[in-house]
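What follows is a single structure, written as structure tokens, with notes after it.
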């Protein structure tokens, strides 16, 4: 099965029903507010935000929103994320419950700080 390819986040979002589009747009706005200098992209067929490398990805599925803040983003918020199904670098927010936008904001802010601290090698 070939992964659907999208060029923009707008293209990705508009493929979903209205209720899901609204959630995706609210997540998008939350991420943009928490990481205003991040670049929007599509990576692995899903919305991605990049700042000194990947910050977070997210995607809609039949029963949940997948949020991918890398393993460090999951570990740093282990307690807050404990009510959700998590994996090494993933968390599932069920569509039948409220999406925790404030928590998404905190995780993104953590990832911005983490990626900003990556050492920049300069040539002398």
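The values are calculated or read from the model by the stated rules, or taken from the named source; none is laboratory data. This one's a predicted model, so the numbers in the text were calculated from it and none came from an experiment. So basically every Cβ, Gly included, is an ideal-geometry build from the backbone, and we count neighbours across all protein chains shown.
Quick rundown of the values:
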item	result
Among residues of the range 1-19, those that are assigned to a helix (DSSP H, G or I) and loosely packed, with under 12 Cβ neighbours inside 10 Å, counted	2
Scope the range 20-38; condition free of Cβ contacts under 8 Å to residues at least 60 places away in the same chain and farther than 13 Å from residue 108 by Cα; matching residues	21, 22, 24, 25
Some residue of the range 116-123 being touching a helix residue (DSSP H, G or I) at 6+ places or on another chain (Cβ under 7 Å) and farther than 14 Å from residue 24 by Cα	no
Verdict on residue 99 being touching a strand residue (DSSP E or B) at 6+ places or on another chain (Cβ under 6 Å), surrounded by 15 or more Cβ atoms within 10 Å (Cβ to Cβ) and on the phi < 0 side of the Ramachandran plot	yes
Answer residue from the range 20-74, given it is assigned to a strand (DSSP E or B) and over 12 Å from the mean Cα position of the chain (by Cα) and is surrounded by the fewest Cβ atoms within 10 Å (Cβ to Cβ) among those	39
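Yes or no, residue by residue, for (1) within 22 Å of residue 84 (Cβ to Cβ); (2) at pLDDT below 95:
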position: 5; (1), (2): no, yes
position: 18; (1), (2): no, no
position: 34; (1), (2): yes, no
position: 44; (1), (2): yes, yes
position: 58; (1), (2): yes, no
position: 65; (1), (2): yes, no
